[in-house]
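Just so it is clear, none of the values below were taken in a lab; they were calculated from the coordinates. Owing to the predicted nature of the structure, the values given are computational and were not obtained by experimental measurement. Cβ atoms come from the backbone with ideal geometry, glycine included; neighbour counts cover every protein chain shown.
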């Protein structure tokens with residue numbers, strides 16, 4: 001298939017095998033071209049296209065064994081059939097219209113979910129990086145999770161990036177369902193693997209509402225059980241972050257776009273770090289404007305010290321620990337720290353302070369107590385990371 005070529009053939013012609021039950025949907029696919037300009041996400045084995053109100057996920061495996069497996073068991077077919085099973089059990093999914101296969105390539109066709117963004121993006125944009133009223137959304141999310149946990153399905157990769165939320169539709173739906181299977185009985189390990197998704201709320205919720213989210217999701221019955229679950233899974237999450245850290249740190253230092261935006265000026269390399277929305281804290285435009293750059297605090301270090309602090313800040317982000325982030329690293333040793341939010345001069349809640357410090361301790365993060373600050377909105381953060389100790393140093 002010629003991605004982006006002017007002579008791209010009709011996708012419904014040639015050697016493609018198609019399963020598109022609705023005649024109107026099949027007609028809408030005629031003449032569709034997979035052009036590079038339509039790509040919204042891509043990697044060496046998969047590309048996602050957005051054309052009109054359709055999303056087309058093309059699997060194009062590169063290794064011979066993967067190509068053979070793809071011929072025998074097309075992912076698009078599996079995902080289409082899984083979505084049908086989920087809807088039969090009243091689990092909302094994106095609208096899967098059909099699938100096609102041609103050799104080792106296969107294509108899943110879904111309809112756009114109007115006004116949707118990932119739960120991850122919506123939650124962080126609205127409630128972590130802003131101070132919106134999260135209660136109605138969290139109630140909707142925990143209801144969805146409770147129903148899914150009780151459905152008998154197992155999701156091997158359940159995270160907030162695989163859930164879509166539309167304010168317009170007032171609904172949460174599943175997307176990317178290839179990792180979902182129906183099980184006769186879930187093991188404790190399988191249940192825990194799915195249930196820990198609720199901990200992705202922890203950077204935006206105070207203790208009472210975090211524990212309520214756990215009980216509302218059906219994970220625990222009592223607040224005490226919810227607390228035990230929370231701290232056990234936070235500790236395990238930290239262990240997973242440490243285990244994957246060699247790979248993640250290499251990606252960050254190599255300029256992987258999920259984490260940083262590299263800016264090269266002659267022999268100078270600057271890494272502009274990204275937040276959970278995959279947005280730069282200091283944008284390339286801000287970096288290019290000296291007046292805007294000066295709104296960030298600049299500190300000079302040795303190259304090794306700068307690398308250590310830059311990676312420490314990235315590790316804390318992966319651990320979902322609020323802190324004053326390193327926004328940019330200009331080689332060899334110049335770091336730019338984001339502006340601090342307005343801080344409260346008086347502690348608003350000793351209980352909330354205790355929950356924050358317990359969460360740090362569960363991840364073996366050690367900090368002088370004077371570096372823990374509370375914002376005017378009541379959220380806690382580490383105001384400086386120079387003297388913070390983590391599992392990666």
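General observations
- Most mobile listed residue (266, 98, 333) in the chain, GNM with C-alpha springs under 10 Å: 266
- Over the stretch 17-111, the Kirkwood radius and the radius of gyration, each from Cα atoms, give a ratio Rg/Rh of 0.96.
- Among 134, 55, the ranking by other beta carbons within 10 Å of each residue's beta carbon, starting with the fewest, stands as 134, 55.
- Length available on full extension from residue 42 to residue 357: 0.36 nm per residue minus the Cα-Cα distance, which gives 109.4 nm.
- Separation of the residue 371 and residue 221 label points, Cα + 7 Å toward Cβ, nm: 4.2 nm
- What the Cβ-Cβ distance of residue 185 and residue 250 gives, at R0 = 35 Å and to the nearest 0.05, is a FRET efficiency of 0.35.
- The stretch 192-220 residues near the modelled residue 344 label - backbone nitrogen below 17 Å, point 7 Å along Cα→Cβ: 203-210
- Helix 135-149 vs. the chain, principal-axis angle (Cα, 0 to 90°, nearest 10): 50 degrees
- Ordering 346, 379, 41 by the number of other Cβ atoms within 10 Å of each residue's own Cβ, fewest first, gives 346, 41, 379.
- Ranked by the mean number of other Cβ atoms within 10 Å per residue, highest first, peptides 197-209, 163-175, 362-374 order as 197-209, 163-175, 362-374.
- Degrees between helix 350-362 axis and first principal axis of the chain (Cα, 0 to 90, nearest 10): 70 degrees
- Alpha carbon centroid spacing (whole Å) that separates the stretch 226-273 from the stretch 169-208: 22 Å
- Answer label for P(r) over Cα pairs in 10 Å bins from 0, in percent (calculated), chosen among [x] 5, 18, 22, 19, 14, 9, 6, 4, 2, 1, 0, 0; [y] 4, 19, 27, 25, 17, 6, 1, 0; [z] 4, 16, 19, 15, 12, 9, 7, 6, 4, 4, 2, 1, 0, 0: [y]
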